[in-house]
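*Asks:* Provided herewith is a single structure, encoded as structure tokens, for subsequent inquiry.
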Amino acid sequence: MDRKDVTALLTVAAFLAAIAMTVGVVRMASAAKLNRVNQLLTARECNRCDLEAVRLNNADLQDVNLEDAEMSSSQLQDAQLRNANLARIRLNEANLVNADLRKTFMVDAMMSRAQLNRADLRRADLRLAYLGDAILRRANLSGAHLTDAVLTRADLGQANLYNAILLGANLAEANLSRANLEGADLRRTYLGDASLREARLVNAMLQRASVSRSNLHQADLYRADLSEADFTVADLTYANFTEATLTRANFTRADLRWANLTRANLEEAALRRADLRYSNLTGANLQGANLRDAQLDGAILCNTTMADGTVERRDCLL
């Protein structure tokens, strides 16, 4: 056997040894992860554990402590996580479809691209949580606390956010079509380029919220407080603003055709170049509003207080 053959054999031997070592390391890692899963299920606690890509569908994880754990890409469909401590957990791209997350503590959790369709998140604490690109269609977030949470591009279509707290949250480009946001706190929330088509925002609080370029076609904002909110270039066609508070709101270049503004308070609102054609302004208060270049053709003006304080009754029925 010459030197070349010896070198070749040594190379093959080294390669096989590396493979064997890798297999051994993988087996050890798998065994260690299995031990951590068993620890979680028995001791109900696994802080800072690496549980990435584990399969825990239908698992009973109520009241567990998974603070700072790594569970990205894990399968948790139909899992029971009620009252669990998931502070700062990483659940990126995890499957939590139909999971029970009621009253779960998830402050500062990372859930990018997580699947949460139909998940029960009632009264969950999600302050500062990151849910960018997450899917929450028909999820129940009633009474959930989402202050300063990031939900950019999240899909919340038909989700229930009744009385949810979204103070200062970022919902840029999010889908909230037909979502229930009745009584929700959306003060200072960023909703730029979001879709709120047919969303229910009755009695919602949107003071100083940014809703520029968003789509609120047929949205119901009955008695909502939208003081100083920014609706620049927003689609508000057929939206219901009956008895809404819109003082000092910005509707510059907004599309308000066929919108119902009956008895709405628009004092000092910016309506420059807004399209108000065929809108219903019966009993609305526009005193001090900026209507420069606004389109009012076909708008219903009955007992409407105009920008100069005069009352217009031209369309009142006799």
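What follows is calculated from the coordinates using simple rules that are stated; it is not laboratory data. All of these numbers come straight from a predicted model, not from anything done at the bench. Neighbour counts are summed over all protein chains in view; Cβ atoms, including those assigned to glycine, are modelled from backbone coordinates with ideal geometry.
*Asks:* What FRET efficiency comes out for the pair ASP50/VAL233, r = Cβ-Cβ distance, R0 = 41 Å, nearest 0.05?
*Replies:* It comes out at approximately 0.30.
*Asks:* Can you give the local net charge around ASP275? Use residues other than it whose beta-carbon is closer than 14 angstrom to its beta-carbon, Lys and Arg +1, Asp and Glu -1.
*Replies:* Neighbourhood net charge equals +2.
*Asks:* How fast does the chain diffuse by Stokes-Einstein, in µm²/s, taking the Kirkwood radius from C-alpha pairs at 20 °C and 1.002 mPa s?
*Replies:* It comes out at roughly 98 µm²/s.
*Asks:* Where does each of THR152, THR42 land when they are ranked from fewest to most other beta-carbon atoms within 10 angstrom?
*Replies:* Ordered from fewest to most neighbouring Cβ atoms within 10 Å, THR152, THR42 come out as THR42, THR152.
*Asks:* Roughly what would the spin-label model give for ASN83 and ARG277, points 7 Å off Cα along C-beta, in nm?
*Replies:* 6.0
*Asks:* Can you give the angle from 0 to 90° between the axis of helix 3-43 and the longest principal axis of the chain, with both taken from C-alpha atoms, to the nearest 10?
*Replies:* Taking Cα atoms only, the helix is inclined about 60 degrees.
*Asks:* Just to check I understand the Karplus step: with θ = phi - 60° and J = 6.51 cos²θ - 1.76 cosθ + 1.60, what whole-Hz values come out for the range 82-88, glycine and proline as x?
*Replies:* Once rounded to whole Hz, the list reads 4, 6, 6, 9, 10, 4, 6.
*Asks:* Which semi-axis lengths, in whole Å and largest first, follow from the square roots of five times the eigenvalues of the Cα gyration tensor of the range 123-216?
*Replies:* For the range 123-216, the semi-axes come out at 15, 14, 14 Å.
*Asks:* Moving on to the next point. Based on the inverse mean of 1/r over its pairs of different Cα atoms, what is the Kirkwood hydrodynamic radius of the range 63-188, in Å?
*Replies:* 13.6
*Asks:* Also, quick follow-up: Using the C-alpha gyration tensor of the range 209-288, what are the square roots of 5 times its eigenvalues, in whole angstrom, with the largest one first?
*Replies:* Largest first, the range 209-288 gives 15, 14, 12 Å.
*Asks:* For every other residue with a beta carbon closer than 13 angstrom to the beta carbon of ASN117, add +1 if it is Lys or Arg and -1 if Asp or Glu, then tell me the sum.
*Replies:* +1
*Asks:* Also, quick follow-up: Counting DSSP beta bridges with both partners in the chain, what percentage is antiparallel, nearest 5?
*Replies:* 5
*Asks:* Quick one: which of 50-58, 206-214 comes out on top by average Cβ neighbours within 10 Å, and what's the full order, highest first?
*Replies:* Listed from highest to lowest mean packing, they are 206-214, 50-58.
*Asks:* Normalise the Cα radius of gyration of the range 34-98 by 2.2 N^0.38 Å (N = residues in it) and let me know the number.
*Replies:* 0.94
*Asks:* Separate question: In whole Å, what is the distance between the alpha-carbon centres of the range 83-118 and the range 232-250?
*Replies:* The range 83-118 and the range 232-250 have Cα centres spaced 34 Å from each other.
*Asks:* If each DSSP helix of 4+ residues adds -39,500 (n - 2.57) and the sum is divided by the residues in the chain, what number results at 222 nm, nearest 500 deg cm²/dmol?
*Replies:* The helix contribution divided over the chain gives -5000 deg cm²/dmol.
*Asks:* Another question about this same structure. Stretched out fully, how many nm does the piece from ASP63 to ASP308 gain, at 0.36 nm a residue minus the Cα gap?
*Replies:* 82.1 nm
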